[in-house]
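Engineer: Dumping the structure here so I can ask a few things about it.
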Number of protein chains: 2
Amino acid sequence: MRGFSRDFRDELFELMKWRRDVRHFKTAAIEEAALARCLHAFSLAPSVGLSEPWRILRVDSQAARAKARANFAETNAEALAQYAGDTAENYASLKLAGMDDAPVHLAIFCDDGTTKGKGLGAGTMPEMRRYSVVSAVTLFWLACRAEGLGLGWVSILDADRLSSDLGVSADWSLIGYFCLGYPTQEDDTPELERAGWETRAEALELQKV
Amino acid sequence: MRGFSRDFRDELFELMKWRRDVRHFKTAAIEEAALARCLHAFSLAPSVGLSEPWRILRVDSQAARAKARANFAETNAEALAQYAGDTAENYASLKLAGMDDAPVHLAIFCDDGTTKGKGLGAGTMPEMRRYSVVSAVTLFWLACRAEGLGLGWVSILDADRLSSDLGVSADWSLIGYFCLGYPTQEDDTPELERAGWETRAEALELQKV
């Protein structure tokens with residue numbers, strides 16, 4: 001049996017604690033070998049029926065990035081209009097996207113039409129395919145942080161418009177748009193918490209039945 | 001900056017490689033302290049707007065477990081009817097649920113009605129709350145494996161019926177039903193692959209735009 005030491009487990013929790021949703025990036029390029037090491041996490045990720053439904057689009061061209069950026073800017077403005085007063089100012093100051101500075105952009109999709117895995121486990125809960133992609137992204141996120149790379153998950157987007165702009169298959173649903181790069185600062189407290197937006201629960205509550 | 005060594009990163013990928021969806025459990029109880037250490041991963045997990053929408057129900061009573069088991073058994077029989085010949089036999093032989101042996105059962109939900117996080121990031125993509133729960137479950141999964149515990153994610157279920165049977169709020173959506181315990185065997189190859197159901201892709205494909 002492959003065992004893991006107490007020291008390793010402690011460091012794993014340190015990694016979880018220092019993982020952050022990063023919005024402020026250095027413009028410095030990411031070493032391609034480091035990126036490849038992180039992306040390997042996808043090949044080790046769980047997926048329903050072993051369907052491996054993740055589809056990764058590396059958004060390199062200025063034209064494609066400009067479309068994603070405009071999508072975020074317009075959707076963000078609409079979102080902002082829903083918050084009043086200090087909350088809205090807080091919200092605006094969060095600078096939610098590091099889209100201008102991050103050297104690597106990935107649009108990650110779920111292929112809901114894949115036949116890989118023969119539909120096992122996705123019949124009654126078809127969302128399991130999308131959940132598989134989220135699990136893979138989470139492993140990738142940990143791998144990035146362990147390499148000193150920051151990842152920012154952009155979800156304030158019109159997903160249908162982005163899929164259309166990027167020309168992907170109609171079967172693909174957007175899981176997220178991800179900015180990747182070296183962070184300008186490190187912190188073990190989420191930016192939203194530092195900005196006074198929200199606090200973490202003091203303890204995890206479990207109910208029993 | 002909190003750095004992580006090459007050795008740690010190598011072991012992190014070892015952990016990812018040895019993480020498995022476990023279906024065969026010893027009936028031995030799990031030490032409560034070990035379970036609590038693993039559950040702490042939820043308190044370090046990412047969530048959209050810091051909404052922490054995970055809701056964890058520990059299913060201990062025989063009555064509640066029997067309802068979950070019947071739900072799986074009936075849904076599984078329906079799923080089985082969709083596969084013909086050898087595929088179906090394979091499917092039946094996978095023994096998809098360790099529900100009878102696993103000492104700990106958790107039903108994990110997403111509270112789609114939570115006001116925590118003020119809706120940030122979940123306006124255009126409300127599924128982000130559910131994705132947050134999946135991310136948290138993924139961290140929990142790694143923590144469990146690092147403790148020598150196996151986790152099995154049951155998704156062949158009628159989610160609405162289970163939610164009703166367990167009496168949870170109408171705002172909660174089921175993310176999964178999880179069996180937890182010490183595995184009867186260890187393997188670094190998924191059971192579905194060993195059973196010939198499906199194979200992993202040889203390499204991760206990236207497209208560029």
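Engineer: Placing a label point 7 Å from Cα toward Cβ, how far apart in nm is B:A73 from its equivalents in the other copies, listed shortest first to one decimal?
Structural biologist: 6.1
Engineer: Next question, about the same structure. Please compute the length gained on full extension between A:D10 and A:D187, using 0.36 nm multiplied by the number of residues separating them and subtracting their Cα-Cα distance.
Structural biologist: My answer for the length gained is 61.9 nm.
Engineer: Right, another one. For a quick check: with amide H placed at 1.01 Å from N, whose amide H comes under 5 Å from A:G181's, ignoring anything fewer than 5 positions away on the same chain?
Structural biologist: A:G150
Engineer: So what is the relative contact order for the range B:96-177, in percent, with contacts set as C-alpha pairs under 8 Å and at least six apart?
Structural biologist: Taking the mean separation of contacting Cα pairs over the length of the range B:96-177, I get 49 percent.
Engineer: What are the ³J(HN,Hα) couplings of the range A:179-189, residue after residue, when phi is run through the Karplus curve with 6.51, -1.76, 1.60 and θ = phi - 60°? Round to Hz, x for glycine and proline.
Structural biologist: 9, 9, x, 7, x, 6, 8, 10, 7, 9, 10
Engineer: Right, something else. Would you mind listing the distances between the A:G196 label point and the same position in each other copy? Use 7 Å along Cα-to-C-beta, nm, one decimal, shortest first.
Structural biologist: 6.5
Engineer: Right, next: Evaluate the relative contact order of chain B (contact order divided by residue number), counting alpha-carbon pairs under 8 angstrom at least 6 apart; express in whole percent.
Structural biologist: 36 percent.
Engineer: Test of understanding: in a Gaussian network model of chain B with alpha carbons linked when under 10 Å, which of B:L149, B:L120, B:L139 would top the mean-square fluctuation ranking?
Structural biologist: Evaluated over chain B, the most mobile residue of the options is B:L120.
Engineer: Please identify the helices of chain B, taking whole runs of DSSP H, that span at least 15 Å along their own axis as judged from the Cα atoms and have a mean Kyte-Doolittle score of 0.0 or higher.
Structural biologist: Span-like helices, by this rule, are B:127-146.
Engineer: At A:H24, with labels set 7 Å past Cα in the Cβ direction, how many nm apart are the copies from this one, shortest first?
Structural biologist: Label-point distances to the other copies, shortest first: 5.3 nm.
Engineer: Suppose every K and R has +1 on its Cβ and every D and E has -1 on its Cβ; what is the size of the dipole of the range A:24-173 about the Cα centre, in Debye to the nearest 20?
Structural biologist: 420 debye
Engineer: GluC sites (Glu not before Pro) within the range B:14-63: which are DSSP loop residues with at most 13 other Cβ atoms inside 10 Å?
Structural biologist: Sites meeting the loop and neighbour criteria: B:E31.
Engineer: Using the Cα gyration tensor of the protein assembly as shown, with a ≥ b ≥ c the square roots of its eigenvalues, what is the shape: rounded (a/c below 1.5), prolate (a/b larger than b/c) or oblate (neither)?
Structural biologist: rounded
Engineer: Keeping to pairs on different chains or 8 or more places apart, tell me how many lysine pairs in the protein assembly as shown have Cα atoms under 19 Å apart.
Structural biologist: 8
Engineer: May I ask for the longest run of chain B untouched by trypsin sites (Lys or Arg not before Pro) that are loop-located per DSSP and have at most 12 neighbouring C-beta atoms (other than their own) within 10 Å?
Structural biologist: Between the exposed loop sites, the longest stretch runs B:96-209.
Engineer: Classify the range B:35-79 as rounded, prolate or oblate, taking a ≥ b ≥ c as the square roots of the eigenvalues of its Cα gyration tensor: rounded when a/c is under 1.5, otherwise prolate if a/b is larger than b/c and oblate if not.
Structural biologist: Prolate is the answer for the range B:35-79, as a/c is 1.5 or above and a/b outweighs b/c.
Engineer: Using the Cα gyration tensor of chain A, with a ≥ b ≥ c the square roots of its eigenvalues, what is the shape: rounded (a/c below 1.5), prolate (a/b larger than b/c) or oblate (neither)?
Structural biologist: rounded
A short reminder: the numbers here are calculations on the coordinates, not readings from a lab. All figures in this text were calculated on a predicted structure; none of them were measured in a lab. Every residue, glycine as well, gets a Cβ built from its backbone with ideal geometry; the counts of neighbours run over all protein chains shown.
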